[in-house]
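Below you'll find the structure, written out as structure tokens, and then a few comments.
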Amino acid sequence: FDCVSCSLVVNFVPSPELRGEMMCKMCEFLKNPTGERYSLLFFVLPLPCVENSRYCDLNTINLIWSKLGFKTLKYHQSNKLAYWLLKWEGESKVDKTFTVKKNEIRKGNNRNNFCVVIK
């Protein structure tokens, strides 16, 4: 596809490992970009997954996109949602040495447990 929309999907994937797998698969759905054609991903998460998670933050999500070969064209937050428009550069930089683990980033009893794990 030239463009994939993944809006409020990853947050419903049942485990952090499967969320990571799904994010990695985004590259497989997109056509290889050419000089004349972009390959785009529109991605949306509930804002609490980014702003109030014990294990995930904007830096974590952006690191994953970067390693997968995506460049952020636009990022926006509304009162309830976080939106990305990403351009795939055509080459993932994820190898066996890249991992994202379930590490506590923020402490507190009011945090949610949203997490993305890449093994």
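Observations on the model:
- One residue from Leu86, Leu73 being within 15 Å of the chain's Cα centre (by Cα) and surrounded by fewer than 17 Cβ atoms within 10 Å (Cβ to Cβ): Leu73
- Residue in segment 108-116 that is of a type in the set (Gly, Ala, Ser), in contact (Cβ under 8 Å) with a residue 24 or more places away in the chain, in contact with a Ser or Thr (Cβ under 9 Å, 6 or more places away or on another chain) and in a loop (DSSP other than H, G, I, E, B) present: no
- Residues that are within 11 Å of the chain's Cα centre (by Cα) and either at pLDDT below 95 or under 11 Å from Val116 (Cα atoms) (or both), drawn from segment 1-16: Val10, Asn11
- Test result for Ser7, free of Cβ contacts under 8 Å to residues at least 40 places away in the same chain and more than 19 Å from Glu89 (Cα to Cα): yes
- Matching entry among Gly90, Gly108 (being under 19 Å from Phe42 (Cβ atoms) and out of contact with any Cys (no Cβ under 8 Å at 6 or more places or on another chain)): Gly90
- Subset of segment 95-108 that is β-branched (Val, Ile, Thr) and open to solvent by 50 Å² or more (accessible area, probe 1.4 Å) - its residue that is farthest from Cys3 (Cα to Cα): Ile105
- Top-ranked residue of segment 39-59 - restricted to ones that are in a helix (DSSP H, G or I) and touching an Asp or Glu at 6+ places or on another chain (Cβ under 9 Å), ranked as farthest from Lys119 (Cα to Cα): Glu51
- Some residue of segment 60-69 being surrounded by 15 or more Cβ atoms within 10 Å (Cβ to Cβ) and outside any helix (DSSP H, G or I): yes
- Scanning segment 17-38 for residues that are in contact (Cβ under 8 Å) with a residue 24 or more places away in the chain, under 25 Å from Val117 (Cβ atoms) and open to solvent by less than 80 Å² (accessible area, probe 1.4 Å) yields Glu17, Arg19, Gly20, Met23, Cys24, Met26, Cys27, Leu30.
The values are calculated or read from the model by the stated rules, or taken from the named source; none is laboratory data. Just so it is clear, the model here is predicted, and its values are computed rather than measured. No Cβ is skipped: glycine too gets one built from the backbone with ideal geometry, and neighbour counts run over all protein chains shown. The accessibility values were calculated without ligands, DNA or RNA, using every heavy atom of the protein model including side chains. Shrake-Rupley method; radii C 1.70, N 1.55, O 1.52, S 1.80 Å.
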